[in-house]
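A short worksheet on the structure shown next.
The values are calculated or read from the model by the stated rules, or taken from the named source; none is laboratory data. Just so it is clear, the model here is predicted, and its values are computed rather than measured. Cβ placement follows ideal geometry from the backbone for every residue including glycine, while neighbour counts extend to all protein chains displayed. Each accessible area value is taken on the protein alone, full model and side chains, heavy atoms only, with ligands, DNA and RNA left out. Shrake-Rupley method; radii C 1.70, N 1.55, O 1.52, S 1.80 Å.
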Amino acid sequence: MRKDNAIFFAGGLVFGLLLGYFVFATVSQSPGGFSAGGLGATSMGTAPSPQGQSAMTRRVLDPQEESALKNMIQQNPDDNESRIRLGNLYLESGHDDQAIPLFREVLEKEPGNNHARLHLAQTLADMGRLDESVSEYQTILTNEPANPAALLGLGRVRLYAQQDINGGLEAWNELMRVAPNSQEAQSIRDELEALKSAHAMN
């Protein structure tokens, strides 16, 4: 086990890798375990929360909002912000398959749009397309190595869906190193506490 995975640095709190390994291994072996569908979404400003907490809260698709956003895109084909908003609308209402093309359209026009790519990575994870999701997260981190939301999401996909404990902890360790006071870092602390509590009850 790699030495650089040995601890989490977070606001003066140190999380031991052995404890992390033990907790996550116990959870992954429990009935049901974790699935990609339970990855929900992460906090990233306006981004959804795939991913530690519960799955994203779904809402009924608003046809008027859908129509308005479609009209905005039709009137201005370069309106990528409306594409992202429409993709989020589909994502939040459970129409993941309709969200993905919109995020890809944005990236065709703006390959460096990490906001859209993060939504795409999260959507792919929710659909169980894990290798594609990891690839998108890695692309974000190639362009922006200290992106907290990408590190959080990548860690969740690897830990919960792929059960790659070392890979997941590596991403989270890096998040704790580059952004220990971020909302994403707090999410990790909350998730570790929840997992430790769940194990204590067993």
Discussion item. Condition (residue is closer than 30 Å to Val60 by Cβ, open to solvent by 10 Å² or more (accessible area, probe 1.4 Å) and touching a strand residue (DSSP E or B) at 6+ places or on another chain (Cβ under 9 Å)) applied to the range 152-159: is it met by at least one residue?
Written reply: no
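Listed here are the residues, each with its yes/no results for (1) in contact with a strand residue (DSSP E or B) (Cβ under 7 Å, 6 or more places away or on another chain); (2) outside any helix (DSSP H, G or I); (3) among the acidic types (Asp, Glu); (4) open to solvent by 10 Å² or more (accessible area, probe 1.4 Å).
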residue	(1), (2), (3), (4)
Ala116	no, no, no, no
Glu136	no, no, yes, yes
Thr139	no, no, no, yes
Thr142	no, no, no, yes
Trp172	yes, no, no, no
Pro180	yes, yes, no, yes
Worksheet item: Any residue in the range 191-202 that is within 25 Å of Glu81 (Cβ to Cβ), open to solvent by 20 Å² or more (accessible area, probe 1.4 Å) and not β-branched (Val, Ile, Thr)?
Response: no
Fill in: Residue among Ser93, Ser82 that is small (Gly, Ala, Ser), open to solvent by less than 30 Å² (accessible area, probe 1.4 Å) and under 19 Å from Asn113 (Cα atoms)
Ser82
Discussion item. Out of the residues in the range 122-134 meeting the condition of being open to solvent by less than 10 Å² (accessible area, probe 1.4 Å) and within 25 Å of Arg189 (Cβ to Cβ), tell me which one is modelled with the highest pLDDT.
Written reply: Ser133
Discussion item. Looking at (1) at pLDDT 95 or above; (2) in contact with a helix residue (DSSP H, G or I) (Cβ under 6 Å, 6 or more places away or on another chain); (3) closer than 30 Å to Asn76 by Cα, which one does Ala146 not meet, given that it meets all the others?
Written reply: (3)
Worksheet item: Is the range 70-82 home to any residue that is hydrophobic (A, V, I, L, M, F, W, C) and closer than 27 Å to Gly155 by Cβ?
Response: no
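Residues are listed down the side, and each one gets a yes or a no for (1) part of a helix (DSSP H, G or I); (2) open to solvent by 60 Å² or more (accessible area, probe 1.4 Å); (3) of a type outside the set (Asp, Glu):
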position	(1), (2), (3)
Gln64	yes, yes, yes
Asn71	yes, yes, yes
Gln74	yes, yes, yes
Asp78	no, yes, no
Leu86	yes, no, yes
Leu89	yes, no, yes
Leu102	yes, no, yes
Glu108	yes, yes, no
Leu120	yes, no, yes
